[in-house]
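J.: Before anything else, here's the structure in question.
Bear in mind that the values in this text are calculations on the coordinates, not laboratory data. Since this is a predicted model, take the numbers as computed values, not measurements. All Cβ positions, glycine included, derive from the backbone under ideal geometry; neighbour counts span all protein chains shown.
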Amino acid sequence: MSDRTLRAPRGTRDLLPTETPIWTRLEHLAGNLATRYGYRRIETPLIESTAVFERGVGAVTDIVEKELFRLAPRTEESEALALRPEPTAGIVRAYIQHGMQTWPQPVKLNQVGPMFRYDRPQAGRYRQFWQFDIEAIGDPGPAIDAEIIELGVRFYREAGLADVQVLVNSIGDPACRPTYLALLIDYYRGHRDALPTTESDRLERNVLRLLDSKDPAMAAINRDAPRVTDHLCEACAEHFASVLAHLDALAVPYRLDPSLVRGLDYYTRTAFEFYLPGRDGQQQALGGGGRYDGLVELLGGRPTPGIGFGVGLDRVVLALQERGAVEPEATIVAVVVGADPMATAVRLGVATNLRAAGLAARADLTHRRLGKQLEAAAREHAHFAVIVGDELTAGEVQVRDLPAGTQKVVPVAELANELTRAHGAHRHGGREG
Ligand code: HAM
């Protein structure tokens, strides 16, 4: 390949028609589940003021410090903009901007779309990736925490990943977390000499992140670190116990994970992640979320609780592909071919009528011989070839059932009905009469 060959930017990729059927299925599933649970669709811009993320996600997080795609300002007075690295902060910005606190609470929202993080690309980690996002704003829980986690579990199950596991934790609130953080800082300071440099740097700035460090040197140190769940205030402890009781009542299996702290600053209380079992250690979450009771206020609204999660759709697709789940591509039902290679207007007319009747149809618009046209129709696995020939003067065409190898004459006026009926019978495994 020459230097002049243009390629998709590093960490981004094209989703080709061979892959998109699985994406289409997951997007439909996401929309369908959101509707079933009463989460309404919201679309927010792919770009936001960087302040939305700096204040919302947190200035001292990997997502904002290292991974934010900042746009170069076009003029001196233009506001600083960035591509969204995640949807929650933008959705909360929209909640405030549009006065959604006056709507019946909670406001339940969903979104499916691309996110952007300037991450080091690897399998399952991209610079543009897709999330299915669910948010419930205006309900302090704990029951809705369980509803949301159960919705996540159902998404994976219906997607074809029934064995996805839920890890749950509570990371406290502004009443109890400061005391816990002070304890944690003390603990790690006591092990300062053994801390890897990156972790040592983070110690004073965002100590919680040390707990879920992937550095093997941290495993032993973390084992004895104080656990947040041992230091929750009474209100947080009660909330957490009730979330778990609701999960039990719904028979949603979960595992408690005191080291689960999430990488975004807005979380309070309930935090959870979804994983495939059996790949301990370095494995990647298929999704995650939690409660963010301080976020609306942080972005300028009235104090309002919220909770939500994001599913990493790219990782779900990868997991399904690894398991050999391949989605059949939708094929054309009928190809209109003809004995007179030049009669493209006639073929196009017949195909147009079939499309108007709701069928997936294509006319062969080339000037090649009938035999070649039929070969092409068979190669793309069309169900029927509609052969336009001399019978057309009598208002009839030949219909060849390509997989069955049978052929019959059908009046043009009956064509759409006949194909719809025969295709339906074929798809449902019935016999054509
Ligand atoms: P998050 O954990 O940062 O949470 O992202 C959610 C999911 O997006 C991850 O579990 C992962 O599956 C996927 N993901 C993240 N980064 C990448 C990447 N670079 N490439 C591929 N997939 C990725 C949030 O974004 C929160 N907004 C979730 C939430 C909603 N919390 C409350 N409401």
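J.: Between 404, 264, 183, whose Cα lies farthest towards the positive end of the dipole of the chain when Lys and Arg beta carbons carry +1 and Asp and Glu beta carbons carry -1, centred on the Cα centre?
T.: Farthest along the dipole direction, towards plus: 404.
J.: What nm distance separates the two modelled labels at residue 255 and residue 406, each placed 7 Å from Cα along Cα→Cβ?
T.: 5.5 nm
J.: Still on this structure: Quote the charge dipole size of the stretch 132-291 about the Cα centre in Debye, to the nearest 20; the model charges only the Cβ of Lys and Arg (+1) and of Asp and Glu (-1).
T.: Using Cβ point charges on Lys, Arg, Asp and Glu, the stretch 132-291 gives about 360 debye.
J.: Could you sort the peptides 324-330, 348-354 by per-residue average Cβ neighbour count (10 Å cutoff), highest mean leading? It would help to have the intermediate numbers written out before the result.
T.: Details: 324-330: 11.1, 348-354: 17.7.
For the peptides 324-330, 348-354, the packing ranking is 348-354, 324-330.
J.: Right, next: Tell me which DSSP H helices of the chain clear both cut-offs, 15 Å or more of axial length from alpha-carbon atoms and a mean Kyte-Doolittle hydropathy of at least -0.5.
T.: 20-37, 143-159, 177-189, 234-249, 344-356
J.: Run through every distinct alpha carbon pair of the stretch 253-343 and return the Kirkwood hydrodynamic radius in angstroms, one decimal place.
T.: 17.4 Å
J.: Just grab the label-to-label distance for residue 428 and residue 238, each label 7 Å out from Cα along the Cβ direction, in nm (one decimal).
T.: 5.6 nm
J.: Say each of residue 103 and residue 16 gets a label point 7 Å from the Cα, pointing the same way as Cα to Cβ; how far apart are those two points in nm?
T.: Taking the simple label geometry, residue 103 and residue 16 are separated by 4.1 nm.
J.: Restricting the count to DSSP beta bridges whose residues both fall in the stretch 327-433, what percent are antiparallel, rounded to a multiple of 5?
T.: That works out to approximately 55 percent antiparallel.
J.: Taking the mean number of other Cβ atoms within 10 Å as a proxy for protection, how do you rank 309-316, 118-125 from highest to lowest? Each step should come with its number before you reach the end.
T.: Numbers: 309-316: 23.2, 118-125: 13.1.
Result, highest mean Cβ count within 10 Å first: 309-316, 118-125.
J.: Still on this structure, please answer the following. Rounded to the nearest Å, what's the spacing between the alpha carbon centres of the stretch 183-224 and the stretch 385-424? Just the number, please.
T.: 73 Å
J.: Just how many % of Cα pairs in the stretch 222-298 lie over 16 Å apart, if you round to the nearest whole percent?
T.: Roughly 60 percent, once rounded to a whole number.
J.: For a footprinting-style exposure proxy, rank 133, 401, 193 by other Cβ within 10 Å, fewest first. Mind dumping the intermediate values first?
T.: On the way: 133 26, 401 17, 193 6.
Taking fewest neighbouring Cβ atoms as first place, the list is 193, 401, 133.
J.: Any lysines with Cα under 28 Å of the residue 214 Cα? List them, leaving off those in the same chain fewer than 8 positions away.
T.: In chain and number order, the partners are 66.
J.: Taking the alpha-carbon distance from residue 108 and a cut-off under 12 Å, which aspartates and glutamates remain once sequence neighbours fewer than 8 residues away in the same chain are dropped?
T.: Result set, ordered by chain and number: 133, 135, 139, 147.
J.: For the chain, with a Gaussian network of springs between Cα atoms less than 10 Å apart, report the residue from 339, 285, 59 with the top mean-square fluctuation.
T.: 339
J.: Using a cut-off of under 19 Å, list every residue of the stretch 257-275 whose amide N is near the label point 7 Å from the Cα of residue 297 along the Cα-to-beta-carbon line.
T.: Counting backbone N atoms under 19 Å from the label point, the list is 265-271.
J.: Now, a different point. Assuming 0.36 nm per residue, please report the length gained on full extension of the stretch residue 332 to residue 378 beyond their Cα-Cα distance.
T.: Details: separation 46, 0.36 × 46 = 16.56 nm, distance 1.05 nm.
That works out to 15.5 nm of additional length.
J.: Using the Cα centre as the reference, give the magnitude of the dipole from point charges on the C-beta atoms of the chain (Lys, Arg: +1; Asp, Glu: -1; all else neutral), rounded to the nearest 20 debye. Numbers along the way, then the final one.
T.: Details: 50 positive and 57 negative charges, 182 e Å.
In debye, rounded to 20, the chain gives about 880.
J.: Sticking with this one: For 291, 379, which order do you get if you count the other beta carbons within 10 Å of each Cβ and list the fewest first?
T.: Working: 291 30, 379 8.
Result, fewest neighbours first: 379, 291.
J.: Quick check on the stretch 1-96: take the gyration tensor over C-alpha atoms, sort the square-rooted eigenvalues as a ≥ b ≥ c, and tell me if it's rounded (a/c under 1.5), prolate or oblate.
T.: Because a/c hits 1.5 or more and a/b fails to exceed b/c, the stretch 1-96 counts as oblate.
J.: While we're looking at this one, here's another question. Ranked by Cβ crowding within 10 angstrom, fewest neighbours first, how are 130, 103 ordered?
T.: 103, 130
J.: Output the lone cysteines of the chain: those with no second cysteine's C-beta under 4.7 Å from their C-beta.
T.: 236
J.: Along the charge dipole of the chain, pointing to its positive end and built from +1/-1 on Cβ of Lys, Arg, Asp and Glu, which listed residue (20, 318, 239) has its Cα farthest out?
T.: Farthest towards the positive pole: 20.
J.: Excluding residues fewer than 8 places away in the same chain, name every one of the aspartates and glutamates whose C-alpha is closer than 16 Å to that of residue 408.
T.: Within the straight-line limit of under 16 Å, residue 408 reaches these aspartates and glutamates: 390, 391, 396, 418, 432.
J.: Further question on the same structure: Go through 46, 217, 249 and say which Cα lies farthest out towards the positive end of the charge dipole of the chain; charges sit on Cβ, +1 for Lys and Arg, -1 for Asp and Glu.
T.: 46
J.: Per-residue counts of other Cβ atoms within 10 Å, averaged by peptide: what ranking do you get for 75-86, 14-25, highest first?
T.: By packing density, highest mean first, the sequence is 75-86, 14-25.
J.: With N denoting the number of residues in the stretch 149-295, provide Rg(C-alpha) divided by 2.2 N^0.38 Å, to two decimal places.
T.: Output field value: 1.08.
J.: Determine by what factor the alpha-carbon radius of gyration of the stretch 363-419 differs from 2.2 N^0.38 Å, reporting the quotient.
T.: The stretch 363-419 yields a ratio of 1.10.
J.: Still on this structure, I have one more. Compute, for the stretch 1-88, the length of the dipole vector about the Cα centre, with Cβ point charges of +1 (Lys, Arg) and -1 (Asp, Glu) only. Units Debye, rounded to 20. Provide the component values of the computation, followed by the final result.
T.: Numbers: 13 positive and 14 negative charges, 84 e Å.
My answer is approximately 400 debye.
J.: To continue, here is another question. Quick one: grab Rg to one decimal and Dmax as a whole number for the chain, Cα atoms only, in Å.
T.: 28.1, 94
J.: On to the next question. Roughly speaking, what % of Cα-Cα pairs in the stretch 1-160 are separated by over 25 Å, rounded to a whole number? The partial results should precede the final answer.
T.: Values: 5339 of 12720 pairs.
Percentage above 25 Å: 42.
J.: While we're here: Which value, in nm² and rounded to one decimal, describes the direction-averaged projected area of the C-alpha convex hull of the stretch 287-433?
T.: 15.1 nm²
J.: Explain nothing, just compute: Karplus ³J(HN,Hα) = 6.51 cos²θ - 1.76 cosθ + 1.60, θ = phi - 60°, for every residue of the stretch 98-111 in order, whole Hz, x for Gly and Pro.
T.: The phi angles translate into 9, x, 5, 5, 8, 7, x, 9, x, 8, 9, 10, 9, 8 Hz.
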